[in-house]
Amino acid sequence: MSDYDHLKVQINDAVATITIDREDKLNALNSAIIKELKQAMQAVYDDPQINAAIITGQGEKAFAAGADISEIAVLNEMNGRSYAESGQEVFQMIENSPKPVVAAVNGYALGGGCELAMACHIRVAVKSATFGQPEVNLGTIPGYGGTQRLCQLIGKARALEMMLTGNTVDALLAFEWGLVNHVTESNEEMMEKSRQLLDKITSKAPRALSMVINCVNAAFDADQNGYQTEANSFANCCKTQDFKEGTAAFLEKRPPKFTGN
Ligand code: CO8
């Protein structure tokens, strides 16, 4: 991967850890960070040395405290739309990544930060993390997919209450509501748990993983017939070497050796 000005990217044993590195502003997402997140995700897509990614924030306090309010304050109708769309494009890239992406939520995940966490496939949060879509306090609304993904994750009634009141929820309530998958005692444990999950996931057949992600996303895409997407993907799995290997390994009572073919 190339160097970044606003992200730290480290690759360890095929997992890329992408850290938003703007601690003094609580990792608020300015357009330069959004641009670099796109670049980092493109590398996750393209680099055969990377099997999965973790997205997190620098420091103890924030995952990301939202879009950069000083940037959005000066938007008008024309560039407001393109600003939202360019962020949405990057977050869709995360959601549609053929390789699994975990959000390791190390603190405030507000506004665009909560939206970023929701675009990831799985969320692991430290217990001091706080989630919210407080845009109504600023006279605006979520613009990076929050109105859609929050409903998908916690249901319409709770999503509406959060977005209409601007109230935040702590990690334990977020867990109870299904917004996060796991809550940990410390940041260290959060990173370990994220890593453990990805190590388990990436021990499976890579093509099957990407097809699961694609089919699950199809369930929320009005333009797709999810059942047809699933049947087509199942058929595609049937022609892979990994399907032959996985089924043969079961029948021969041995662990499978997946190659991604
Ligand atoms: N944008 C810019 N700067 C921020 C942001 C932000 N979202 N959040 C924090 N900062 C800055 C503060 O201004 C401060 O900077 P400085 O030290 O230079 O004054 C620094 O980070 C530290 O913040 P605080 O002093 O406020 O720290 P506190 O511990 O007192 O408070 C909070 C922490 C509660 C998280 C508080 O910072 C806060 O309320 N932040 C804003 C949260 C928010 O409203 N987020 C939503 C933003 S809007 C959004 O995300 C829309 C997304 C969709 C956009 C679509 C495109 C059109």
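What follows draws every value from the coordinates through simple rules; no lab data is involved. The model shown is predicted, which means the values in this text are computed figures rather than measured ones. Neighbour counts run over all protein chains shown; Cβ positions are idealised from the backbone, glycine included.
If you sort the three axes of the alpha carbon gyration tensor as a ≥ b ≥ c, you get a/c of 1.5 or more for region 77-209 and a/b no higher than b/c, which makes it oblate.
Applying 1/(1 + (r/R0)^6) with r as the Cβ-Cβ distance of Thr247 and Gln196 and R0 = 22 angstrom yields a FRET efficiency of 0.25. The alpha-carbon atoms of the chain define a convex hull whose volume equals 137 cubic angstrom per residue. A helix-only calculation puts the chain at -14500 deg cm²/dmol for mean residue ellipticity at 222 nm, using -39500 (n - 2.57) for each DSSP H run of at least four residues, averaged over all residues. Which distance in Å, rounded to a whole number, links the C-alpha centroids of region 64-84 and region 207-233? About 32 Å separates the Cα centre of region 64-84 from the one of region 207-233. Spatial offset of region 116-174 relative to region 13-31 amounts to 19 Å, using the alpha carbon center of each. Let me know the whole percent of all Cα-Cα pairs from region 135-201 that are separated by more than 19 Å. Cα-Cα pairs in region 135-201 separated by more than 19 Å: 44 percent. Scattering from the C-alpha atoms of region 206-251 alone, worked out with Debye: what is log10 I(q)/I(0) at q = 0.20 1/Å? One equal scatterer on each Cα of region 206-251 leads to -0.64.
Modelled spin-label separation between Asn225 and Lys127, with each label point placed 7 Å from Cα along the Cα-to-Cβ direction: 4.9 nm. Using a 10 angstrom Cβ neighbour count of at most 11 plus a DSSP loop assignment to flag exposed trypsin sites (Lys or Arg not before Pro), which longest range of the chain is free of such sites? Counting at most 11 other Cβ atoms within 10 Å as exposed, the longest clean stretch of the chain is 1-238.
Spin-label model, Asn232 to Ala32: label points 7 Å out along the Cα-to-beta-carbon direction sit 4.1 nm apart. Across all C-alpha atoms in region 54-118, the radius of gyration and Dmax reach 12.9, 36 Å. Annotation for Glu188 and Leu138: the two label points, set 7 Å from Cα along the Cα-Cβ direction, are 3.5 nm apart.
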